[in-house]
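S.K.: Input: one structure, supplied below.
The values are calculated or read from the model by the stated rules, or taken from the named source; none is laboratory data. Keep in mind that this is a model prediction, so the values were computed, not measured. Ideal geometry is used to build each Cβ from the backbone, glycine not excepted, and the neighbour counts take in all protein chains shown.
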Amino acid sequence: MNIGEKAPTFTLPNVDGTTVSLDALLNESKAVAVVFSCNHCPYVRGWEDRMVSIQADYADKGFKMVAVGPNNDRTHPEDSFEEMKKRHKAEGFNFYYVRDESQDVAHAYAAVRTPEVFLLDSDGVLQYHGAIDDNYQEPDAVKHHYLRDALDALLAGKTPPVAKTPPVGCTIKWK
């Protein structure tokens, strides 16, 4: 998926028993971050608190985050839907955490890593793609807040200052 392209839509089961539709999120939001994620990846774990903070800081500005778990749970049982439910509750995630069992959504987005961010405007057009920031290990050492900077610009009606960074993380575990 390239910057400026409309994102593929999806409807996936959420850990709370509901379903999450990208179309519905776009209808009620000014920006939506689709973040391919999982339970086991140390990169994801390093960024999870920042994902929670970003959702909290931008929620009242019309932002929604949805983490999508596409990993093969046969080779990585810790990434199963049941384990996703447990982690969501244990960590107090304030964002949606949905399961892409078929991996169709991950393929449609051409996602390759966890975490990998696709920030969409209210029309579902990709405005930023890449990493959350430049340091998953040390939050205090972050120099570039890619997702926050892109959100600030997008919510102000501007083009993000950086539209693309290399996603950093574990590879998606394909079936």
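S.K.: Within the group 65, 51, which residue is within 23 Å of residue 156 (Cβ to Cβ), of a type in the set (A, V, I, L, M, F, W, C) and in contact with a Pro (Cβ under 8 Å, 6 or more places away or on another chain)?
M.R.: Numbers: 65 fails: in contact with a Pro (Cβ under 8 Å, 6 or more places away or on another chain).
The match here is 51.
S.K.: What about residue 44, is it more than 24 Å from residue 153 (Cα to Cα), at pLDDT 95 or above and touching a Gly at 6+ places or on another chain (Cβ under 7 Å)?
M.R.: Values: more than 24 Å from residue 153 (Cα to Cα): yes; at pLDDT 95 or above: yes; touching a Gly at 6+ places or on another chain (Cβ under 7 Å): yes.
Yes.
S.K.: Looking only at region 137-166, filter to residues that are touching a helix residue (DSSP H, G or I) at 6+ places or on another chain (Cβ under 8 Å) and in a helix (DSSP H, G or I); which one of those is surrounded by the fewest Cβ atoms within 10 Å (Cβ to Cβ)? Spell out the reasoning first.
M.R.: In the first step, residues of region 137-166 are kept if they are touching a helix residue (DSSP H, G or I) at 6+ places or on another chain (Cβ under 8 Å); the result is 137, 139, 147-148, 151, 155, 159-163, 165.
Narrowing further to those that are in a helix (DSSP H, G or I): 139, 147-148, 151, 155.
Values: 139: 13, 147: 26, 148: 17, 151: 23, 155: 15.
The qualifying residue surrounded by the fewest Cβ atoms within 10 Å (Cβ to Cβ) is 139.
S.K.: Shifting gears a bit: List the strands (runs of 3 or more DSSP E) inside region 31-136, counting only whole elements, that have at least 2 residues being buried (at least 21 other Cβ atoms within 10 Å of the Cβ) and in contact with a His (Cβ under 8 Å, 6 or more places away or on another chain).
M.R.: Values: elements: 31-36, 63-69, 96-99, 116-121, 126-130.
Counting at least 2 such residues, we get 116-121.
S.K.: Among all residue pairs at least 6 apart or on different chains, which show Cβ distances below 8 Å where the first residue, located in region 88-112, is on the phi > 0 side of the Ramachandran plot and the second is part of a loop (DSSP other than H, G, I, E, B)?
M.R.: 103/70; 103/72; 103/172; 103/174; 103/175; 110/1
S.K.: A follow-up question, please. Kindly list, by first and then second residue, each pair from a residue in region 159-175 that is within 18 Å of residue 133 (Cα to Cα) to a residue that is assigned to a loop (DSSP other than H, G, I, E, B), limited to pairs with Cβ atoms under 6 Å and residues at least 6 apart or on different chains.
M.R.: 163/3; 165/131; 167/131; 168/131; 169/41; 169/115; 170/41
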